[in-house]
Ligand code: SF4
Ligand code: SF4
């Protein structure tokens with residue numbers, strides 16, 4: 001097989017991913033922010049609570065990926081201690097930052113203590129990125145990214161594709177390779193948080209239609225891999241004959257919020273239908289009709305939550321069958337660096 005061809009990364013039995021929102025506060029106000037304080041609270045979890053919850057989710061006998069998130073996680077004054085505590089529990093730790101790196105993070109942890117530091121950027125230049133993420137963000141984020149690379153941190157970059165920036169994605173591979181970024185994550189905009197409230201401007205749509213996505217994203221991903229960067233991007237549309245699987249049934253993913261809600265499916269995060277909750281530092285089932293009751297439903301469109309929450313994503317043929325089945329939003333494709 002040509003090694004630049006993307007392979008779908010199926011859900012690996014036993015793989016565990018813990019997405020831990022330490023706080024919801026942030027210094028930025030991105031147009032597509034998915035944090036919803038009315039659903040996720042406004043708290044910053046104290047260090048001792050973070051440690052107790054990390055212990056609750058840890059399985060030291062097998063590695064668990066821990067992604068520390070916010071809001072902006074580097075605004076947490078104890079982030080360096082949290083990273084060290086997590087490493088002591090055998091987590092593989094990634095911090096997803098907007099690039100501001102508060103509290104001197106690069107001085108307070110060493111590249112040995114943090115597995116990956118991830119930066120979010122939504123355009124190849126300020127003229128594209130800053131209207132989405134805020135004035136001056138491109139300059140600050142890229143400066144700190146370069147500092148992190150120079151200090152020897154493993155870095156990744158996340159680009160959230162939407163109608164506002166898809167036509168600039170093709171300029172990213174050269175940049176990420178030049179900056180020394182090791183992993184490039186291309187994400188698709190989700191209609192939750194602010195995007196759920198409507199389009200950013202009357203003439204612009206957040207969402208990208210399937211033809212546009214398929215014409216742009218796989219080619220850009222292949223180009224980045226040719227330049228030596230590992231690339232991951234969502235599958236989104238299943239090929240005919242490809243099996244549909246819901247991560248809620250076949251994988252262990254936990255999305256933890258500071259108000260104690262714990263979801264299995266990120267599409268559900270705008271609703272109080274979390275499958276679990278933290279109570280007295282323990283993980284308990286959340287009573288009622290929750291997300292996990294939907295995971296077992298089988299529909300021709302693929303993902304049930306997508307059909308319920310984002311039906312405009314689905315196109316139908318004249319006979320009423322869906323043109324594409326929508327994969328689980330957690331199903332990824334990967335291309336190794338060439
Ligand atoms: S950096 Fe993240 S949390 Fe902050 S406003 Fe942007 S999307 Fe929201
Ligand atoms: S996105 Fe769809 S398929 Fe994936 S976990 Fe959620 S409900 Fe299941």
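Computed from the coordinates by the stated procedures, all read-outs in this text should not be read as laboratory data. Predicted, not measured: the structure shown is a model, and the values here were computed from it. Please note: Cβ atoms are built from the backbone with ideal geometry, for glycine as well, and neighbour counts cover all protein chains shown.
Here are the numbers for the structure shown:
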item: Set of the stretch 59-79 residues, backbone N closer than 15 Å to the point 7 Å along the Cα-Cβ line of residue 27; result: 70-79
item: Stokes-Einstein diffusion coefficient of the stretch 209-338, Kirkwood radius over Cα pairs, 10 °C, 1.306 mPa s, in µm²/s; result: 96 µm²/s
item: Reference-scaled alpha-carbon Rg (2.2 N^0.38 Å with N residues) for the stretch 16-90; result: 1.13
item: Cα shape, the chain, gyration tensor, a/c 1.5 rule; result: rounded
item: In nm, spacing of pseudo-spin labels at residue 323 and residue 242 (7 Å Cα→C-beta vector); result: 1.7 nm
item: Net lengthening on full extension, residue 338/residue 283 (0.36 nm per residue, minus Cα-Cα); result: 15.6 nm
item: Rounded if a/c under 1.5, otherwise prolate or oblate - the stretch 123-186, Cα gyration tensor axes; result: oblate
item: Bridge type composition, the stretch 38-176 - antiparallel percent by DSSP, nearest 5; result: 0 percent
item: Three-way shape label, the stretch 241-308, alpha-carbon gyration tensor, a/c 1.5; result: prolate
item: Segments 287-297, 268-278 sorted - mean Cβ within 10 Å per residue, highest first; result: 268-278, 287-297
item: Value of [θ]222 nm, deg cm²/dmol, for the chain, DSSP H segments ≥ 4, -39500 (n - 2.57) each, nearest 500; result: -7000 deg cm²/dmol
item: Rounded to 5, the percent of DSSP beta bridges in the chain classed as antiparallel; result: 40 percent
item: Stretch gain in nm, segment residue 299-residue 107, where the contour uses 0.36 nm per residue and the Cα spacing is subtracted; result: 64.1 nm
item: Potential extension, residue 178-residue 139 segment - 0.36 nm per residue separation minus Cα distance; result: 12.5 nm
